[in-house]
Amino acid sequence: MRSRIKPIIGLLAAPLPILAFAVNPAFAAQPATQSPTALRGDVVTAVDHSVRTGDVAAGQRISVAVSLAQRDTAGLDTFLAQVTDPQSVSYKHYLTVDQFASRFGAAPETVAKVSAYLASQGLQVGEVTANRLTIEASGTAAQVQRAFGTTLATYRDGKDGHGYFANTAAPVLPADIAAVVTDVAGLNDYAAYTHHSVKAAPDAAAAPTAKPKAPTGLNPTQARSAYNLTSTINAGYNGSGATVALLEFSGFKQSNVTTYDSYYGLHPSTPAVVNAGGGTTDLSGEDEVELDIEVVQALAPGAAIKVYEAPNSDAGETAVYAKLVSDNVPVISISWGIDEAGETASNRVAVDADLKEAAAQGQSVFAASGDSGSDDAGNGGTSVDFPAADPYVTGAGGTTLTLGSGGAWSKETAWSGSGGGVSSYFSTPSYQSAVNTTGHRSVPDVAADANPSSGWAVYSGGAWATFGGTSAAAPNWAAFAAVYNSEAKAKGKPSFGFANGTIYTLASSSSYGTAFHDVKTGSNGAYSAGTGYDKVTGWGSYNGANFLKAELG
């Protein structure tokens, strides 16, 4: 599984605690008698181009995350249509986590039944997320293989030679258990996501102990001017009281972020790390994480930042999305992704369920659309990136930004690497029907500067460098949503909420020409930018103060 990504009145409740369901020993001891049923689409695609090298040791500890099906999906679809409809009395009246769990999460008896089955197979049942849709469990490889009716083998990847373990066939469960389980994550440790930062060569003269000199690249002052946020931030709407979550499969070094803040005279709060699925000690993607943090701090210095760190695996993916929605963080930025076909079908269903919940709860989710233009899979065809392609995510494409006199916005053209096109798995969402007749979801929805030639000055790895990629566009939009939320709160208005509902409604109004920078030139390979919505830059970038005036007055 490979990525090509670079570096609605809101009723938001306080995050609910993770719940633990006790397993009735009598129930747990009873064997399942139903005929076995396989979960389709739950074998990592890398197995097809790998060499099997052996079996996983029977005593090796394995952690899994079992995803449960939502209840009343038709009712959830109806609710989402109403909560995103400006003409509905339910517009922007979102659900809290406990409200969502009560209406659409798995029933308590379902959670108990699945937990009991896992315990009966010798697994240690762990936490259940607050939305009642994910159960964590662990055991030896032998116990996991027995519980899920599959074999765990070791492999050597035929493309890059790295080793990993994976299930050889789809997991098999008793029919009554399989009927309520959508995914079993953790049966492999194949690195699901890789970031692909676009950066210029670092300044060799800069060192952690030396006074750094920033290279050419967007600094906080220029970025605020370019996207018309200077007056808004000077008025005190700087993200204060808002929270932005960054989804990461790597750790970072606070010392690099501190150097950035000190150089530019920023005084944000220190980012808080939140571990999901056990967290991670991997630092291979630290430049990606530090890019995300520094972009948000540049544009929304008053916002609180939570860095959600998870292992780079399907189990880590399941755990981090489940935690983000269970914590109900108002704004989420994602700079890691994978071409749609690389995501297993069961994982895609599980993640989509969490993203659907995020929309129902009014969480604004922005994801980089990819840096390989219209060919995200890199196979010579057209393809798009996940999770940006999910209808409940706002895909952020890329532009080349040109500054004018005094650092003001002069123009933007489409960046050739901007991921965009048509999904192969998701239908056209209702909010996009007026501009999309393909029958399938189009990506991206919006865009912002992503060309490394006009990219961001970032301090990472003890040196300054200029970063581009759509992974700079996603946190840019997330920072703007935080600024929006701080002004909305001060004025007693609804928060940004489900981002595509807000964006498409405004973009389809008479305010489009002033609230957005419409990007009309450039292409990403198969598609070209043009007037209004397009498959390279979506609706374009935001014109901060004008966007806020149109929405908040």
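Values for this structure:
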read-out: Most to least packed among 125-135, 319-329, 489-499 [average Cβ atoms within 10 Å]; value: 319-329, 125-135, 489-499
read-out: Segment 198-552 - percent relative contact order, Cα under 8 Å, separation 6 or more; value: 22
read-out: Antiparallel %, DSSP beta bridges [both residues in the chain], to 5; value: 65
read-out: Burial order of peptide ranges 526-537, 254-265 (average beta-carbon count within 10 Å, highest first); value: 526-537, 254-265
read-out: Helical contribution to [θ] at 222 nm, DSSP H n ≥ 4, -39,500 (n - 2.57), averaged over the chain, rounded to 500; value: -8500 deg cm²/dmol
read-out: Over 25 Å between alpha carbons, listed pairs LYS306/LYS520; LYS92/LYS491; LYS411/LYS493; LYS253/LYS493; LYS92/LYS356; value: LYS306/LYS520; LYS411/LYS493; LYS253/LYS493
read-out: In order through segment 362-369: 3J(HN,Hα) via Karplus (6.51 cos²θ - 1.76 cosθ + 1.60), integer Hz, x for Gly, Pro; value: x, 7, 8, 10, 10, 9, 4, 8
read-out: Spin-label pair ASP176/THR78, simplified geometry with 7 Å Cα→Cβ offset, distance in nm; value: 2.9
read-out: Label-to-label distance, nm, for residues given as GLN60 and ASN379 (7 Å Cα→Cβ offset); value: 2.8
read-out: Length gained when the stretch LYS549-THR521 is fully extended (0.36 nm per residue, less Cα-Cα span); value: 7.4 nm
read-out: Reachable aspartates and glutamates, given that their alpha-carbon falls under 18 Å from the alpha-carbon of LYS489 and they are not under 8 places away in the same chain; value: GLU551
read-out: With eigenvalues of the C-alpha gyration tensor scaled by 5 and rooted, the chain, Å; value: 38, 26, 22
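Just so you know, all these numbers are worked out from the coordinates, no wet-lab data involved. Computed from a predicted model, the values in this text were never measured in an experiment. Glycine also receives a Cβ, built like all others from the backbone with ideal geometry; neighbour counts cover every protein chain displayed.
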